[in-house]
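The values are calculated or read from the model by the stated rules, or taken from the named source; none is laboratory data. Remember, it's a predicted structure, so these values are computed and weren't measured experimentally. Here the Cβ is made from the backbone with ideal geometry for all residues, glycine too, and neighbour counts use every protein chain on show. In case anyone asks, the SASA skips ligands and DNA or RNA and just uses the protein heavy atoms, side chains included. Shrake-Rupley method; radii C 1.70, N 1.55, O 1.52, S 1.80 Å.
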Amino acid sequence: MINVAILGFGVVGSGVAEVIEMSSDILSARLGDKVEVKYILDIRDFSGHPMESKIVRDINVILCDDSVSVVIEAMGGSHPAFDFSLAALNSKKSVVTSNKEVVANFGCQLMKAAQDNGVRYLFEASVGGAIPIIRPLCDCITADRIERIAGIMNGTTNYILTRMFSDNVSFENALKEAQEKGYAEHDPTADIDGIDACRKICILSDLAYGKNVRPDEVTCEGIRNITGRDVADATKWGGSIKLLGLTEKSDDGIYVIVCPFFVKQDNILSEVSDVFNGISVRGTATGDLMFYGRGAGKLPTASAMVADVVEAVSQKPDSKPVKTWTDDAAEGFVKPIGERITQMYLRLEGASLRDVESTFEDCEILTCESNTISFVTEAAPENELVKLAESIPGSRIASKIRILR
């Protein structure tokens with residue numbers, strides 16, 4: 001018998017129990033033994049629930065039971081999820097999680113604790129839900145040198161932007177729809193301000209480049225300020241607007257950012273719509289690889305977590321993960337985003353066409369009406385492009401969106 005414990009019995013935790021039950025025969029065939037949920041940690045009352053007898057309210061019950069080999073953390077938030085995960089690892093139990101907040105902020109410490117105790121800390125579901133991205137990065141393309149990862153990592157914002165483009169819905173109304181459909185929380189801040197995507201791109205940066213990148217080191221911009229005018233200009237330009245997480249190798253470090261990007265129609269990320277996610281990985285040997293699917297949801301996320309359970313209990317006693325990060329990035333490893341060479345979409349108010357074309361010699365004018373001019377710049381360091389725009393007398397930057405090249 002392979003005994004597991006689930007921390008938190010909300011949407012994801014109950015989904016894990018459901019997947020274990022519905023896939024019992026598959027798991028038994030794969031592992032040669034039955035996977036059994038022995039404990040569920042939750043402080044709420046589950047009277048009458050079929051798993052009521054498994055509910056415990058003290059983490060020490062789980063930590064002190066040597067028959068439990070894997071702890072599945074489905075609590076959300078940083079604390080006590082981190083504290084319980086660390087305690088489980090130090091009790092020589094592998095930990096599986098979908099908690100991107102904990103992985104992004106404390107992954108370095110938890111990975112080291114897992115190594116020190118000869119167990120595993122696995123988090124496939126923390127970035128793309130059911131989309132397999134962590135294991136391919138760690139195992140399948142580990143011999144390649146990653147040049148860039150860029151992706152749509154939040155289904156809520158992708159749904160909102162899809163509605164704005166496909167049906168000319170305002171941001172406010174698209175957000176309301178997302179909340180009514182259950183795609184967005186009552187407080188959507190983590191989604192629409194890019195916080196959720198920021199945690200995910202930090203995790204992918206950590207794996208791709210081997211150093212711990214903290215969310216507070218990352219430039220993070222959301223989609224609150226995207227307007228119908230921006231949508232119309234992106235369409236005229238021949239693309240769409242997507243909220244992307246991007247990490248990219250530079251000569252002596254990396255650039256990491258979460259923000260809206262103009263994405264050309266011929267880029268596959270432009271076609272990822274609705275609540276779907278898409279992550280593009282560019283390697284020097286492999287070229288561009290694409291990972292696509294539902295990035296969230298009860299059963300998809302639970303399925304990825306149960307797959308990690310299989311990985312954890314299948315490991316050899318002396319096995320080690322192919323890629324880990326156990327050190328913080330050195331100062332200056334994450335480069336200022338203003339130094340990154342990019343093209344930009346700019347919408348200026350109060351500028352003349354003559355001033356714009358003389359300041360930006362190789363720009364593509366998209367709209368010129370009344371006192372508003374929108375255009376796409378040539379490629380240059382971002383700080384230089386912004387300074388040029390600010391140098392035009394009497395003008396104001398009304399919108400500024402980077403171009404995915």
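Residues of region 65-82 being in contact (Cβ under 8 Å) with a residue 40 or more places away in the chain, within 19 Å of Thr301 (Cα to Cα) and small (Gly, Ala, Ser), which ones? Walk me through it before giving the result.
Applying the first criterion (in contact (Cβ under 8 Å) with a residue 40 or more places away in the chain) to region 65-82 yields 65, 67-76, 81.
Going one step further and asking which of them are within 19 Å of Thr301 (Cα to Cα), we end up with 70-76, 81.
Within region 65-82, Ala74, Gly76, Ala81 qualify.
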Worksheet item: Counting only residues that are in contact (Cβ under 8 Å) with a residue 60 or more places away in the chain, outside any helix (DSSP H, G or I) and of a type in the set (Val, Ile, Thr), how many does region 135-186 have?
Response: 5
Response to the item:
Over region 274-294, the set of residues open to solvent by 50 Å² or more (accessible area, probe 1.4 Å) and either of a type in the set (Gly, Ala, Ser) or part of a helix (DSSP H, G or I) (or both) is Ala285
Discussion item. If I ask for residues that are crowded, with 16+ Cβ neighbours inside 10 Å and charged (D, E, K, R), which ones from region 350-384 would you list?
Written reply: Asp355, Glu382
Worksheet item: Is there any pair with a first residue in region 43-64 that is open to solvent by 60 Å² or more (accessible area, probe 1.4 Å) and a second that is in a loop (DSSP other than H, G, I, E, B) and hydrophobic (A, V, I, L, M, F, W, C) whose Cβ atoms are under 8 Å apart and which are 6 or more apart or on different chains, and what are they?
Response: Arg44/Phe9; Glu52/Phe46; Arg57/Ile43
Practice prompt. Check region 295-302 and report whether any residue there is open to solvent by less than 20 Å² (accessible area, probe 1.4 Å), touching a residue at least 12 places away in the same chain (Cβ under 8 Å) and in contact with a Ser or Thr (Cβ under 6 Å, 6 or more places away or on another chain).
Written response: yes
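Do we find that Ser85 is touching a residue at least 24 places away in the same chain (Cβ under 8 Å) and surrounded by 17 or more Cβ atoms within 10 Å (Cβ to Cβ) in this structure? Show your work before the answer.
Numbers: touching a residue at least 24 places away in the same chain (Cβ under 8 Å): yes; surrounded by 17 or more Cβ atoms within 10 Å (Cβ to Cβ): yes.
The answer is yes for Ser85.
Just to verify a result, which residue in region 355-405, among those that are assigned to a helix (DSSP H, G or I) and among the hydroxyl-bearing types (Ser, Thr, Tyr), is farthest from Thr219 (Cα to Cα)?
From region 355-405, those assigned to a helix (DSSP H, G or I) are 355-359, 382-390; that's our starting set.
Pick out the ones that are also among the hydroxyl-bearing types (Ser, Thr, Tyr) and you get 358-359.
Details: Ser358: 30, Thr359: 27 Å.
Among those that are assigned to a helix (DSSP H, G or I) and among the hydroxyl-bearing types (Ser, Thr, Tyr), it is Ser358.
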Practice prompt. Consider only pairs whose beta carbons are under 6 Å apart and that are at least six residues apart or on different chains; among these, list those whose first residue lies in region 8-19 and is within 11 Å of Met305 (Cβ to Cβ) and in a helix (DSSP H, G or I) and whose second residue is open to solvent by 10 Å² or more (accessible area, probe 1.4 Å) and of a type in the set (S, T, N, Q).
Written response: Val12/Ser98; Val12/Thr301; Val19/Ser303
Worksheet item: Which residue out of Ser69, Ser53 is part of a strand (DSSP E or B), over 30 Å from Val218 (Cβ atoms) and modelled with pLDDT of 95 or more?
Response: Ser69
